[in-house]
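The values are calculated or read from the model by the stated rules, or taken from the named source; none is laboratory data. Source: prediction; values computed, not measured. Quick reminder, even Gly has a Cβ in these numbers, built from the backbone with ideal geometry, and neighbours come from all protein chains shown.
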Amino acid sequence: MEFPAYRPRRMRRTETLRRLVRETRLSVDNLILPLFVVPGKGVEKPVASMPGVAQMSVDRTVEECRQVRDLGIPAVILFGLPEKKDATGSHAYRDDGPVPRAVREIKQALGNDLVVITDVCLCEYTDHGHCGVLAEGEVDNDATLDLLAKEALTHARAGADIVAPSDMMDGRVNAIRETLDEEGLDQVAILSYAAKFASGFYGPFREAADSTPQFGDRRGYQMDPANAEEALREVELDINEGADLVMVKPALPYLDLVRRVKEQFGYPTAAYQVSGEYAMIKAAAQNGWLDESRVMMETLTAIRRAGADLILTYFAKDAARALNGR
Ligand code: PBG
C-alpha cells in the first residue's frame, strides 16, 4: 500500500493507539542488576564514575537484594573485591571471600525468589589486574582454566544458580562444566560471556571492581571490536562446550551481534549494558544534555528489540520502577 491510502501516522496519534501496535515489550523479567561486593560490614562506598552504584559489604548487599526482589527483578550478578590480591588471584576461590559469603546469605534470605549469578574471572583478584595467571608477561590460557574452574566451583558450592565466566580464556566453559559435573553440581547453569570485546566502555567498571590491568591491556584475550564472524564462532564454541546462556558485551555498540547471535543459535541471549554505556548517559543527564529516564528506556528497548532476552544493566532498579509504575 502507498500514500495516501497508507498513513502510518494514524496509529501514532495517542499512547493507547501506540500501545496496541508496539512490537517490543521490555519487561522487568528481562533485567539483571550487577552488584559489587566488598569485605567488611556496613560498607557502602559510591563509585564516582557510576552515579547510583556503590560497592557494598555482604550485609548491605543482602538488603539491596531484598529491594531488587521487591521490584520484581529476577536476578543479580555479583562481582567480588577480595581482602588481598596476589599473582594467582588465590582469593578468587576462597570460600570465605565476599562473593561466596554473599551468595550464601542472599540465598538464605531470599531462596528461589532471586536468581544469583556470579561473575567468574580473576582480574579483581590478581595484583596485576589481568584475567588469568601470567607466564612471560602474557596471560597463560591453559594454566588459568583450573583456577577459573575452582572459582566457579566455590561459587556453585555456596549456592549460585548460574556462574558467568567473563575472562575470555579458550576452553573455560568446558573446564567449568566438567568440574561442576564431577562435583555433583550439574544443575548449576553457565552464562558465558561468549562475545566479549576489548572495549573502552569498561573504564568505569575498573574503578568499581578495582581491576585495572597494571600493564598492557586485555586485547590479547578479549575480542577485536571489528570482528563479527569471529564473535559467532566464539558463541558456537561456548555453546558446544556447554553454555546454557550466551552473552554479547558491551550492548549498544554491538546490537548487530545481539541480533545475529539470537537468530543463528536461538539460545537465551544476554546483552551487557556496561559501565561506560551507563556513565555516558548519567554524565550527559547531569549536565542537562539528555533526559535520563527517557534515554534509559530507549536504550533498554533497543537492546531488547535487537533480540536480547536478558539485559545486565546498572539501570535495572530505575527501569523496574519505571515499568512497574505503568
Ligand atoms: C571482568 C569484567 C569486566 C566487566 C565485566 N566483567 C571488565 C573487563 O573485562 O575489563 C565489565 C563490565 C562493565 O564495564 O560494566 N573480566
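Within the stretch 204-218, restricting attention to residues that are near the ligand (Cβ under 8 Å from one of its atoms) and of a type in the set (D, E, K, R), which residue is modelled with the lowest pLDDT?
Going through the qualifying residues, I end up with Arg206.
Residue under question is Glu234, and the condition is that it be under 24 Å from Gly129 (Cβ atoms) and either in a helix (DSSP H, G or I) or in contact with a strand residue (DSSP E or B) (Cβ under 9 Å, 6 or more places away or on another chain) (or both); does it hold?
Against the criterion (under 24 Å from Gly129 (Cβ atoms) and either in a helix (DSSP H, G or I) or in contact with a strand residue (DSSP E or B) (Cβ under 9 Å, 6 or more places away or on another chain) (or both)), Glu234 qualifies.
Quick check, is Glu277 within 14 Å of the ligand (Cβ to nearest atom), charged (D, E, K, R), part of a helix (DSSP H, G or I) and at pLDDT 95 or above?
The answer is yes for Glu277.
Out of the residues in the stretch 42-59 that are in contact (Cβ under 8 Å) with a residue 40 or more places away in the chain and surrounded by fewer than 14 Cβ atoms within 10 Å (Cβ to Cβ), state the one that is nearest to Cys123 (Cα to Cα).
Residue satisfying both the conditions and the ranking: Ala48.
Of the conditions (1) crowded, with 22+ Cβ neighbours inside 10 Å; (2) in a loop (DSSP other than H, G, I, E, B); (3) of a type in the set (Phe, Trp, Tyr), Tyr267 satisfies every one except a single condition; which number is it?
Status for Tyr267: all satisfied but (1).
Residues to consider are Phe201, Phe265; find the one that is within 16 Å of the ligand (Cβ to nearest atom), modelled with pLDDT of 95 or more and not small (Gly, Ala, Ser).
When all the criteria are applied, what remains is Phe201.
Within the stretch 60-75, does at least one residue satisfy the condition of being in contact (Cβ under 8 Å) with a residue 60 or more places away in the chain, more than 23 Å from Asn324 (Cβ to Cβ) and not β-branched (Val, Ile, Thr)?
No; the residues of the stretch 60-75 include none that is in contact (Cβ under 8 Å) with a residue 60 or more places away in the chain, more than 23 Å from Asn324 (Cβ to Cβ) and not β-branched (Val, Ile, Thr).
What number of residues within the stretch 114-140 satisfy the criterion of being under 13 Å from Thr88 (Cα atoms), of a type in the set (D, E, K, R) and within 11 Å of the ligand (Cβ to nearest atom)?
Residues that pass the stated criteria total 1.
In the stretch 76-87, how many are part of a loop (DSSP other than H, G, I, E, B), away from the ligand (no atom under 16 Å from the Cβ) and in contact (Cβ under 8 Å) with a residue 40 or more places away in the chain?
Number satisfying all stated conditions: 2.
Could you figure out which of (1) surrounded by 22 or more Cβ atoms within 10 Å (Cβ to Cβ); (2) in contact with a Phe, Trp or Tyr (Cβ under 7 Å, 6 or more places away or on another chain); (3) not aromatic (Phe, Trp, Tyr) isn't true of Pro82?
For Pro82, the failing item is (1).
Return the residues of the stretch 40-70 that are of a type outside the set (D, E, K, R), over 19 Å from the mean Cα position of the chain (by Cα) and part of a loop (DSSP other than H, G, I, E, B); say none if nothing qualifies.
Gly40, Gly42, Val43, Ala48, listed by residue number.
For the stretch 39-46, does any single residue satisfy the condition of being touching a helix residue (DSSP H, G or I) at 6+ places or on another chain (Cβ under 7 Å) and within 16 Å of the ligand (Cβ to nearest atom)?
There is no residue in the stretch 39-46 that is touching a helix residue (DSSP H, G or I) at 6+ places or on another chain (Cβ under 7 Å) and within 16 Å of the ligand (Cβ to nearest atom).
I'd like the residue in the stretch 305-326 that is part of a helix (DSSP H, G or I) and either of a type in the set (A, V, I, L, M, F, W, C) or without any contact (Cβ under 8 Å) to a residue 60 or more places away in the chain (or both) and, out of all such residues, is surrounded by the fewest Cβ atoms within 10 Å (Cβ to Cβ).
The residue in question is Ala322.
In the stretch 219-242, which residue that is charged (D, E, K, R) and surrounded by 14 or more Cβ atoms within 10 Å (Cβ to Cβ) is farthest from the ligand (Cβ to nearest atom)?
It comes out as Glu236.
With respect to Gly159, determine if the residue is more than 11 Å from the ligand (Cβ to nearest atom), in contact with a helix residue (DSSP H, G or I) (Cβ under 7 Å, 6 or more places away or on another chain), in contact (Cβ under 8 Å) with a residue 24 or more places away in the chain and more than 29 Å from Pro51 (Cβ to Cβ).
yes
Looking at the stretch 169-197, which of the residues that are free of Cβ contacts under 8 Å to residues at least 12 places away in the same chain and on the phi < 0 side of the Ramachandran plot is surrounded by the most Cβ atoms within 10 Å (Cβ to Cβ)?
Restricting to residues being free of Cβ contacts under 8 Å to residues at least 12 places away in the same chain and on the phi < 0 side of the Ramachandran plot, the top hit is Asp181.
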